[in-house]
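What follows is a single structure, written as structure tokens, with notes after it.
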Amino acid sequence: MEEFIDKSPIDERTPTSEAKKILSGLAEIHVEAFGNSTDFYKICVEPMWNDDVLGDDLVGRVHSDPELVGWVENPVFSGEREARTLVALMRTACAYAIQSMKAPEMSSSAWAYACKASEWMGMSFGFFSHCGRHVGNKKLSQKGGIAKNVNTNKLKEWVLNEYRDGSWKSKRNASFGLVDRTIKKAPDFNARISDQEAQRTIYKWILSASGNK
């Protein structure tokens, strides 16, 4: 348990230092649940930092979204929804941590956001631990993969709608023309598409939808 004990003097701690620890803790949960911690910073932290996502807005979604598990009581886990719920809890903690880091240093609001971030990270860890006890970390990781596939499929459908609504010289021309907006749109679906593979992936999706391989 030593690694979980913060031994730094209390008077040396700041909202920013606490928020950074929370982001690090969330990245560790992400590693165990879904894989590489770098994904967490690239897919979650970076877009939220740039877009000023508010924790209070995400709290409302966690409580009201019918796609998420009723995690407040004794949830009955169901694969994809289980993974989605964990992601939603982690995103809420992440948003509050970022708000803490952006607030005036040592201000009451910075501390308040840091406390909220800590609370939601605790709920994320508790939910993940509950999942682990019931289905095993490996199974949760597999379900995380299912959630990723669902998010990618949503991005794919968006790309195909853009392709159908546009006027293109050819399928290949469309695949190049859709690269930038697809990369920009991907975070809206919690999907990931690399800059290097975007054009080839889009071209493959267009060919597949057109009946070509």
Residue by residue, what Karplus-based ³J(HN,Hα) values in Hz, rounded to whole numbers, does region 171-179 have, using 6.51, -1.76 and 1.60 with θ = phi - 60° and x for Gly and Pro?
-> 4, 5, 4, 5, 4, 6, x, 9, 4
Using θ = phi - 60° and Karplus 6.51 cos²θ - 1.76 cosθ + 1.60, couplings along region 85-94 (whole Hz; Gly, Pro as x) | 5, 4, 4, 4, 5, 5, 5, 5, 4, 4
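Whole-Å semi-axes of region 162-213's equivalent ellipsoid, largest first, each the root of 5 times a Cα gyration tensor eigenvalue?
They are 18, 12, 10 Å, listed largest first.
None of the figures in this text is laboratory data; all of them are computed from the coordinates on show. Note that this is a predicted model, so its numbers are computed, not measured.
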